[in-house]
Amino acid sequence: MHANQSSWSFRIEPGLRPEHRERAAQGYWRAFSRKLRNPLGPETKAVAFIERVLDPPHAISAMSEDGGFLGVAGYKSPDGAFIGGRCEDLAAVYGRTSTAIRGLLIVLLERDRADDTLLMDGIFVEPQTRGRGVGKALLNAMEERAERSALRRVRLDVIDTNPQGTRAI
């Protein structure tokens, strides 16, 4: 899907390209560090963990015409989630000692997904491209994804300290 905003254009595509994993992990941390700092901080370890557990098929990406990363929307469906991971992934990044407490904190943040719902698992746009329609295009693509999967609803939970997100809804 191509999107044009004045003379600037970008495209939306399913998945997350391998070369964008690190940028996606960094952006995810920037967008959600307030919520995730206790179970996943410090930043260097958090980004390493997020990059490790990203599941590219559960994402929709925005990129410039030359293939530059602009943003991503992840989702949770009956088939999996954009951000997953197991205790082994936590242990690989943080060590065995802190895995149990971090795992417990992460479980407390988990959100249930109803059978007929595509649950958005985070959305963010790179700071330099905000206000150009990228986030709206990602949200539209997410609705189309839900329709193709015969899911009746799309749910996005917004952190109350995110005024950008609440305006986008």
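Quick one: go through the stretch 13-28 and flag any residue whose amide nitrogen is under 20 Å from the point 7 Å out along the Cα-to-Cβ line of Ser98.
25-28
Count neighbours as other Cβ atoms within 10 Å of each site's Cβ, and list the trypsin sites (Lys or Arg not before Pro) in the stretch 1-103 that are DSSP loop with at most 13 such neighbours.
Arg86
Between the stretch 118-151 and the stretch 45-96, how far is it from one alpha carbon centroid to the other, in angstrom?
15 Å
Under the definition of Cα pairs under 8 Å and six or more residues apart, what whole-number percent is the relative contact order of the chain?
After rounding, I find 22 percent.
I'd like the FRET efficiency for Ser64 and Glu143, computed as 1/(1 + (r/R0)^6) with the beta carbon distance as r and R0 of 25 Å, rounded to 0.05.
Plugging the Cβ-Cβ distance into 1/(1 + (r/R0)^6) gives 0.65.
Let me spell out the model: positive unit charges on the Cβ of Lys and Arg, negative unit charges on the Cβ of Asp and Glu, origin at the Cα centre of the chain. What dipole size does that give, in debye rounded to 20?
420 debye
Within the set of other residues whose C-beta is less than 10 Å from the C-beta of Val53, count the net charge using Lys and Arg as +1 and Asp and Glu as -1.
Residues near Val53 contribute -1 overall.
Build a GNM of the chain with springs between Cα atoms under 10 Å: which of Ser61, Ser33, Ser98 gets the top mean-square fluctuation?
Ser98
Assuming a ≥ b ≥ c are the square roots of the Cα gyration tensor eigenvalues, decide whether the stretch 1-84 counts as rounded (a/c under 1.5), prolate (otherwise, with a/b larger than b/c) or oblate.
prolate
Can you tell me the order of 148-155, 64-71 when each peptide is scored by its average per-residue count of other Cβ atoms within 10 angstrom, highest first?
Result, highest mean Cβ count within 10 Å first: 64-71, 148-155.
All of the numbers you see were taken from the coordinates with simple rules; none came from a lab. Keep in mind the model is a prediction, meaning the values are calculated, not measured. Cβ atoms come from the backbone with ideal geometry, glycine included; neighbour counts cover every protein chain shown.
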